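Peer 1: The structure is given below, and queries will be raised subsequently.
The values are calculated or read from the model by the stated rules, or taken from the named source; none is laboratory data. A quick note: this is a predicted structure, and the numbers were derived from the prediction, not measured. Cβ placement follows ideal geometry from the backbone for every residue including glycine, while neighbour counts extend to all protein chains displayed.
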Protein chains: 2
Amino acid sequence: MQPVLDYLATHRSRFEEELCQYLRLPSVSAQSSHNKDVRATADWLVKHCRSIGLKAKKHATDFHPIVTASTPRHPGKRPHFLVYGHYDVQPPEPLEEWNTPPFEPTIRNGAVYARGATDNKGQHFAHLKAVEAFLKTDTDLGCDLTFVIEGEEEVGSESLVAFLRKKKRELKCDGIVVSDTGMPSKKHPALTYALRGVTAMEITVWGPKADLHSGIYGGSVDNPALVLSQMLGSLRDKKGRVAVPGFYGKVQKLTAYERKQMKRLPINETQYRKLVGVPKLFGEAGYTHHEQRSARPTLEINGLTSGYQGEGSKTIVPSWASAKITCRLVPNQDPRQVNRLLGKQLKKLCPPTVKLEIVDGHGAEAYHVPPTGSMSQAALEALRESFGHEPVLLREGGSIPIINEFKKVLGADSLLLGLALPDDNLHSPNEKFDLDCFHNGAEMSARLWPKLAEL
Amino acid sequence: MQPVLDYLATHRSRFEEELCQYLRLPSVSAQSSHNKDVRATADWLVKHCRSIGLKAKKHATDFHPIVTASTPRHPGKRPHFLVYGHYDVQPPEPLEEWNTPPFEPTIRNGAVYARGATDNKGQHFAHLKAVEAFLKTDTDLGCDLTFVIEGEEEVGSESLVAFLRKKKRELKCDGIVVSDTGMPSKKHPALTYALRGVTAMEITVWGPKADLHSGIYGGSVDNPALVLSQMLGSLRDKKGRVAVPGFYGKVQKLTAYERKQMKRLPINETQYRKLVGVPKLFGEAGYTHHEQRSARPTLEINGLTSGYQGEGSKTIVPSWASAKITCRLVPNQDPRQVNRLLGKQLKKLCPPTVKLEIVDGHGAEAYHVPPTGSMSQAALEALRESFGHEPVLLREGGSIPIINEFKKVLGADSLLLGLALPDDNLHSPNEKFDLDCFHNGAEMSARLWPKLAEL
């Protein structure tokens, strides 16, 4: 390993320069005016991968190309891992809020500022540099690696899903490493081992055939907005639990080990309360805020619409009232089943004075890799050695749909080894990537492969 | 009386022609392009009043002129009554939905079709024709009459309120007759003896300082839309009663006489349910739909707003949620006190996890003239004799602000003797006024004055 680590130490400033070259390319996947730039970025990436000794290829898709790059393959003879990343970036607007232009990377205070710096160019570039160190020092990785770097992550990854299915055999692997999540601080390198799932629903309560004059009719006709309020209000009890029979039936419980790990996370209750800006926190009784927002299921109203919303008052009984609802799910909960249970309860709550319409929305299952498993433990070791701090175990409250696809199509688990700091401004002006995270991340990657190869 | 009734019978077709002349004038008070027409209409009205023997005057105001027209006055010597009406009309749009142009009055199927036919030119014109009959036949009215016909009813009557205060002495009277309400059918001439009041409020529940990602934060922060739903849902009990302590404290109860009268109203529950288009009616237990919507107080949500309202889903914990609320009030309820009680209850219901903002809106007291009083009984007699059917007693669910002003400024009660039928299309295309209602209305007016004079 020493030659690899030495190589990484020696070439730090060149790596930073190369990263800046990569960041200079405005690969905004959502804006068609940038389609040419997106393709040029894929080309740059292929060329770069080849220059460090990888076998790279640009794959045409229905939209933006996918780049793959592999170390020499030994199919069936040694483990094969994927590294996933995306070279496309979020739109940079509003431009006037950037201190330096989004596509003119600038290094200041130990970080590189540019659109895509942390999401996700910088993060997967760290992995490329680790592999470069192995290849350039003729050090054996102990396993085969394939980078899969797409250009549509910010617009839904549709082509990647099709690509995974098509290249299922070639991409057969023992695990996927993804650096596209976060770490609480530079002193808290992190392994994210679980993601919540989600399920969406929109309900409408239909009352009178038109908005009615509340003077002429009010009192003799049920009010859809009031009915909706009563129905929604009944979906949560005083202890902050979702009051839908069966909702918690399949919920995977937190282990004592996980709860102990969560206690190590920074940000106490007061800090967290100030961060979100509420007078008092609220959540399911018996759980910390870290647990509530990452390891427990929820029911949220995302939107309410009814009647008159303009200035002043309009004295009507509205014809209808609607709500957008999503539930965050934890491992073992099935989005379709949760929607069925919720729908059943809503029908039970709905009085005969109105009609209830339910429209199911998208769903995604939760994701969970046991943090006590050997892959996770190898990752924690690599994090510890490269960052010099005891890593934390994270559960993420949101879902990353592509992780479910990897599991579904390739049957492999993902290690989420995110290098983004909380103040990295993902999707916002002045996005940055900390250079310590970049170099420590490259080292972490270098230390990881031999460990994974030995499992 | 006979010469008066004969005169009314003889001149029916001329009265209809004159009404058509009046309706031809496009006195749309809301559209400044019609300001000239509004003034021309006032001038036409003054001229017409003079032609039938009244002393008429056009009064300039800050906006549209007011017309007054009086029979010879005998101040202090005999009773003085006002007849209120308005010569301004609603905008006629959408024009393409009219079968014949709104300002080209057309008589078909025994009704005159034109904008303003029933609201309100036709209705007060019937009273003018009754007075004409007295004056042209030299029959003594037994009382003095002053018509007050304004040009801003459809835009808020602001000038009239100032005018009443200014002319308080001149307009001192024993009662006001207003034909600007409705009757259930030609077989159900009606006296409206009560109007509900109203009070408005807008509340906002403030949660996190910005919309939060429901994956990252959901579960550990209260959801303002859910809190609002729970608060609003608690404002009504299962029996349809408003669950605000003290809300019913001062409510004037319905008398046995009133309830008996209400039972005579046409439109049964099934017909009413179909009219409003709901699967099942709902209202305060123990009251009929007529009672619920005219004689009982209510609490309605007029609008709900929170979070994401666009297409599809957006996984957020919304930063705030708001509701527009109005209460319909009945006699003896004070709008300010009701708002205080409601605000107190909302504060009690609001958890410490959010902030509650309450903004009070407009309020108006309910109106009530005892239907067993002598003025009401005189009006019922006049209705019975002229329409040939037993009149019904109506309470109206909405409020007519000017009626409260008459009471407040002049200290006089109003008799609401509306001549509009349910299908007269007030404020809609193809507005009409039934000619039977017109002529019977004129006869009712003629029969009314001697009765009122004798009280």
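Peer 1: Report the residue count in the stretch B:198-228 for those that are in a strand (DSSP E or B), among the β-branched types (Val, Ile, Thr) and facing chain A (nearest Cβ under 7 Å). Let's see the steps before the verdict.
Peer 2: The initial filter retains those residues of the stretch B:198-228 that are in a strand (DSSP E or B), namely B:198-206, B:212-213.
The next check asks that each one be among the β-branched types (Val, Ile, Thr); those that pass are B:198-199, B:203-205.
Going one step further and asking which of them are facing chain A (nearest Cβ under 7 Å), we end up with B:198.
Final tally of qualifying residues: 1.
Peer 1: Continuing with the same structure: Pairs please, first residue from the stretch A:33-54 and without any contact (Cβ under 8 Å) to a residue 60 or more places away in the chain, second anywhere and of a type in the set (Lys, Arg), Cβ atoms under 8 Å, 6+ apart in sequence or on different chains.
Peer 2: Every condition considered, the pairs that remain are A:ASP43/A:LYS58; A:VAL46/A:LYS57; A:VAL46/A:LYS58.
Peer 1: For the stretch A:335-365, which positions are within 13 Å of another protein chain (Cβ to nearest Cβ), touching a Leu at 6+ places or on another chain (Cβ under 9 Å) and more than 14 Å from A:LYS250 (Cα to Cα)?
Peer 2: If the condition is that a residue be within 13 Å of another protein chain (Cβ to nearest Cβ), touching a Leu at 6+ places or on another chain (Cβ under 9 Å) and more than 14 Å from A:LYS250 (Cα to Cα), then A:LEU346, A:LEU349, A:CYS350, A:THR353, A:VAL354, A:LEU356, A:GLY363, A:ALA364 are the ones that fit.
Yes/no matrix, rows are residues, columns are (1) buried (at least 20 other Cβ atoms within 10 Å of the Cβ); (2) touching an Asp or Glu at 6+ places or on another chain (Cβ under 7 Å):
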residue: A:ALA162; (1), (2): no, no
residue: A:LYS166; (1), (2): no, no
residue: A:GLU170; (1), (2): no, no
residue: A:VAL177; (1), (2): yes, no
residue: A:LYS186; (1), (2): no, yes
residue: A:PRO189; (1), (2): yes, no
residue: A:ALA200; (1), (2): yes, no
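Peer 1: Evaluate the following for B:SER234: is it polar (S, T, N, Q), buried (at least 19 other Cβ atoms within 10 Å of the Cβ) and under 30 Å from B:THR315 (Cα atoms)?
Peer 2: Working: polar (S, T, N, Q): yes; buried (at least 19 other Cβ atoms within 10 Å of the Cβ): no; under 30 Å from B:THR315 (Cα atoms): yes.
Against the criterion (polar (S, T, N, Q), buried (at least 19 other Cβ atoms within 10 Å of the Cβ) and under 30 Å from B:THR315 (Cα atoms)), B:SER234 does not qualify.
Peer 1: Given A:GLU291, A:GLU357, which one is surrounded by fewer than 24 Cβ atoms within 10 Å (Cβ to Cβ) and closer than 21 Å to B:ASN223 by Cα? Before the answer, list the steps.
Peer 2: Working: A:GLU357 fails: closer than 21 Å to B:ASN223 by Cα.
Result of the check over A:GLU291, A:GLU357: A:GLU291.
Peer 1: Here is a further query. Do you know which residues across the stretch A:400-455 are assigned to a loop (DSSP other than H, G, I, E, B), out of contact with any strand residue (DSSP E or B) (no Cβ under 8 Å at 6 or more places or on another chain) and under 19 Å from A:HIS124 (Cβ atoms)?
Peer 2: Across the stretch A:400-455, the qualifying residue is only A:HIS427.
Peer 1: Could we say that B:PRO318 is within 13 Å of chain A (Cβ to nearest Cβ) and in contact with a Pro (Cβ under 7 Å, 6 or more places away or on another chain) here? Step through it out loud before you land on a result.
Peer 2: Values: within 13 Å of chain A (Cβ to nearest Cβ): yes; in contact with a Pro (Cβ under 7 Å, 6 or more places away or on another chain): yes.
Judged against the criteria, B:PRO318 is a match.
Peer 1: Among the listed residues A:GLU454, A:GLU381, A:GLU405, identify the single one that is within 30 Å of A:ALA323 (Cα to Cα) and more than 14 Å from chain B (Cβ to nearest Cβ).
Peer 2: Exactly one of A:GLU454, A:GLU381, A:GLU405 is within 30 Å of A:ALA323 (Cα to Cα) and more than 14 Å from chain B (Cβ to nearest Cβ), namely A:GLU405.
Peer 1: Let me ask something else. Among the numbered criteria (1) out of contact with any Lys or Arg (no Cβ under 7 Å at 6 or more places or on another chain); (2) at pLDDT 95 or above; (3) outside the structural domain of B:ASP334 (by TED's automatic domain parsing), which single criterion is violated by B:LEU265?
Peer 2: Tallying (1) out of contact with any Lys or Arg (no Cβ under 7 Å at 6 or more places or on another chain); (2) at pLDDT 95 or above; (3) outside the structural domain of B:ASP334 (by TED's automatic domain parsing), B:LEU265 fails exactly one: (2).
Peer 1: Given the residues B:PRO371, B:PRO279, which is the only one that is free of Cβ contacts under 8 Å to residues at least 12 places away in the same chain and touching a strand residue (DSSP E or B) at 6+ places or on another chain (Cβ under 7 Å)?
Peer 2: Details: B:PRO371 fails: free of Cβ contacts under 8 Å to residues at least 12 places away in the same chain.
Result of the check over B:PRO371, B:PRO279: B:PRO279.
Peer 1: Return the only residue of B:PRO92, B:PRO101 being modelled with pLDDT under 95 and part of a loop (DSSP other than H, G, I, E, B).
Peer 2: Numbers: B:PRO101 fails: modelled with pLDDT under 95.
On inspection, the qualifying residue turns out to be B:PRO92.
Peer 1: Filter the stretch A:274-311 down to the residues that are at the interface with another protein chain (Cβ under 7 Å from one of its Cβ atoms) and part of a loop (DSSP other than H, G, I, E, B) and list them by number. Full working, then the answer.
Peer 2: First, the residues of the stretch A:274-311 that are at the interface with another protein chain (Cβ under 7 Å from one of its Cβ atoms): A:276-284, A:289, A:292-293, A:296, A:298, A:300-309.
Answer for the stretch A:274-311, where residues must be at the interface with another protein chain (Cβ under 7 Å from one of its Cβ atoms) and part of a loop (DSSP other than H, G, I, E, B): A:GLY277, A:VAL278, A:PRO279, A:LYS280, A:LEU281, A:PHE282, A:GLY283, A:GLU284, A:ARG296, A:TYR308, A:GLN309.
Peer 1: List the residue pairs whose Cβ atoms are under 7 Å apart, where the first residue sits in the stretch A:221-234 and is closer than 11 Å to A:PRO351 by Cβ, the second is among the hydrophobic types (A, V, I, L, M, F, W, C) and assigned to a helix (DSSP H, G or I), and the two are 6 or more positions apart or on different chains.
Peer 2: Going by the 7 Å Cβ cut-off, the qualifying pairs are A:LEU226/B:LEU232; A:MET231/A:LEU346; A:MET231/A:LEU349.
Peer 1: Restricted to the stretch A:8-61, and to residues that are of a type in the set (Val, Ile, Thr) and within 13 Å of A:LEU128 (Cβ to Cβ), which residue is surrounded by the fewest Cβ atoms within 10 Å (Cβ to Cβ)? Spell out how you get there, then give the answer.
Peer 2: Taking the stretch A:8-61 as the starting set, the residues that turn out to be of a type in the set (Val, Ile, Thr) are A:10, A:28, A:38, A:41, A:46, A:52, A:61.
Going one step further and asking which of them are within 13 Å of A:LEU128 (Cβ to Cβ), we end up with A:46, A:52.
On the way: A:VAL46: 19, A:ILE52: 17.
Checking each candidate, the answer is A:ILE52.
Peer 1: I'd like the full set of residues that are out of contact with any helix residue (DSSP H, G or I) (no Cβ under 8 Å at 6 or more places or on another chain), surrounded by fewer than 22 Cβ atoms within 10 Å (Cβ to Cβ) and of a type in the set (Phe, Trp, Tyr), limited to the stretch A:66-121.
Peer 2: A:TRP98
Peer 1: Could we say that A:ASN332 is surrounded by fewer than 20 Cβ atoms within 10 Å (Cβ to Cβ) and within 14 Å of chain B (Cβ to nearest Cβ) here? Give the derivation first.
Peer 2: On the way: surrounded by fewer than 20 Cβ atoms within 10 Å (Cβ to Cβ): yes; within 14 Å of chain B (Cβ to nearest Cβ): no.
When the stated conditions are applied, A:ASN332 does not pass them.
Peer 1: Working only within the stretch B:136-163, note down all residues that are under 27 Å from B:GLN90 (Cβ atoms) and either small (Gly, Ala, Ser) or assigned to a loop (DSSP other than H, G, I, E, B) (or both).
Peer 2: Those that are under 27 Å from B:GLN90 (Cβ atoms) and either small (Gly, Ala, Ser) or assigned to a loop (DSSP other than H, G, I, E, B) (or both): B:GLY151, B:GLU152, B:GLY156, B:SER157, B:SER159, B:ALA162.
Peer 1: Which of the residues belonging to the stretch B:229-241 are in contact with an Asp or Glu (Cβ under 6 Å, 6 or more places away or on another chain) and either facing another protein chain (nearest Cβ under 9 Å) or within 23 Å of A:ARG196 (Cα to Cα) (or both)?
Peer 2: Taking the stretch B:229-241 as the starting set, the residues that turn out to be in contact with an Asp or Glu (Cβ under 6 Å, 6 or more places away or on another chain) are B:240-241.
Correct list: B:GLY240 only.
Peer 1: Looking only at the stretch B:110-117, decide whether some residue is closer than 19 Å to B:PHE438 by Cβ, touching a residue at least 60 places away in the same chain (Cβ under 8 Å), touching a Cys at 6+ places or on another chain (Cβ under 8 Å) and assigned to a loop (DSSP other than H, G, I, E, B).
Peer 2: Within the stretch B:110-117, the first condition is being closer than 19 Å to B:PHE438 by Cβ, and the residues that meet it are B:110-117.
This time we only want the ones that are touching a residue at least 60 places away in the same chain (Cβ under 8 Å), so: B:110-117.
Adding the requirement that they be touching a Cys at 6+ places or on another chain (Cβ under 8 Å) leaves B:112, B:114.
Subset that is assigned to a loop (DSSP other than H, G, I, E, B): B:114.
Taking every residue of the stretch B:110-117 in turn, at least one turns out to be closer than 19 Å to B:PHE438 by Cβ, touching a residue at least 60 places away in the same chain (Cβ under 8 Å), touching a Cys at 6+ places or on another chain (Cβ under 8 Å) and assigned to a loop (DSSP other than H, G, I, E, B).
Peer 1: Could you check, for the stretch B:71-83, whether at least one of its residues is at pLDDT 95 or above, touching a Ser or Thr at 6+ places or on another chain (Cβ under 6 Å) and part of a strand (DSSP E or B)?
Peer 2: yes
Peer 1: Restricting to the stretch A:136-169, count the residues that are under 16 Å from A:ARG78 (Cβ atoms) and either of a type in the set (Val, Ile, Thr) or out of contact with any strand residue (DSSP E or B) (no Cβ under 8 Å at 6 or more places or on another chain) (or both). If you could, list the steps in order and put the result at the bottom.
Peer 2: Restricting attention to the stretch A:136-169, the residues satisfying the condition of being under 16 Å from A:ARG78 (Cβ atoms) are A:139-146.
Then drop every residue that is not either of a type in the set (Val, Ile, Thr) or out of contact with any strand residue (DSSP E or B) (no Cβ under 8 Å at 6 or more places or on another chain) (or both), which leaves A:139-142, A:146.
Qualifying residue count, the stretch A:136-169: 5.
Peer 1: Conditions first: (1) surrounded by fewer than 23 Cβ atoms within 10 Å (Cβ to Cβ); (2) at the interface with chain B (Cβ under 7 Å from one of its Cβ atoms). A:LYS263 passes all but one, so which condition is the exception?
Peer 2: All conditions are met except number (2).
Peer 1: Here's another thing I want to ask about it. Test A:VAL178 against the criterion of being within 17 Å of A:GLU396 (Cα to Cα), away from chain B (no Cβ under 14 Å) and of a type in the set (A, V, I, L, M, F, W, C), and give yes or no. Give the steps one after another, and end with the answer.
Peer 2: Numbers: within 17 Å of A:GLU396 (Cα to Cα): yes; away from chain B (no Cβ under 14 Å): yes; of a type in the set (A, V, I, L, M, F, W, C): yes.
Yes: the conditions hold for A:VAL178.
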